Amino acid sequence: MTRRLPARLRNLILAVIIAVLPLVTVVARPVTVHAAAVASQAACTKTTFLGFPTWYKYLNLNTECQVVNFTLPQIWLIGLAIVDILLRLIGIVAVAFIIYGGFRFIVSQGDPEAAKTARLTIINAFVGLIIAIIASGIVAFVANTFK
């Protein structure tokens, strides 16, 4: 016997897909920047912890990895970089909760209440992961626009 997803969950998944598709096309568009700036930026951000961006990711850097022409409005770019780091951490936590929910589902041993709780954990973690991915894309888009 196959079960269908509840109507609310189907609608939520459909809404997320509809919301993500336009963002993918906006985030995927090429940004024209000077080649030397890209090379210096890549050299300065080569070593990161677990692939997380650095707090100065969206600032303009020279070849010695020093901030060029720092102004007060660029504090927002530092704040966006920190938000980007936090959203990536949230994504990792969401993946951990998906794994935890799967483990709880396996050890529920047919108990309907435990299986329902585990299923809700997985669904909520998946929704959180989707929100974190979308929010991280929006933050990157906004920061690259105002860079």
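Bear in mind these aren't lab numbers, they're just calculated from the coordinates by the rules spelled out. Quick caveat, the model's predicted, so the values are computed rather than measured. Quick reminder, even Gly has a Cβ in these numbers, built from the backbone with ideal geometry, and neighbours come from all protein chains shown.
What the table below lists for this structure:
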read-out: Residue order, fewest to most surrounding Cβ atoms within 10 angstrom, among L80, L86; value: L86, L80
read-out: Computed lengthening from N60 to Q109, 0.36 nm per intervening residue step minus Cα-Cα distance; value: 12.1 nm
read-out: Gain upon complete extension [A7, L120; 0.36 nm per residue less C-alpha separation]; value: 39.2 nm
read-out: Distance from the stretch 63-97 to the stretch 118-146 (C-alpha centre basis), Å; value: 15
read-out: Cα gyration tensor shape of the stretch 82-147, rounded if a/c is under 1.5, else prolate or oblate by comparing a/b with b/c; value: prolate
read-out: Extension gain from F70 to I99, taking 0.36 nm per residue of separation minus the Cα-Cα distance; value: 6.2 nm
read-out: Ranked by how many other beta carbons lie within 10 Å on average, peptides 138-147, 108-117 from highest; value: 138-147, 108-117
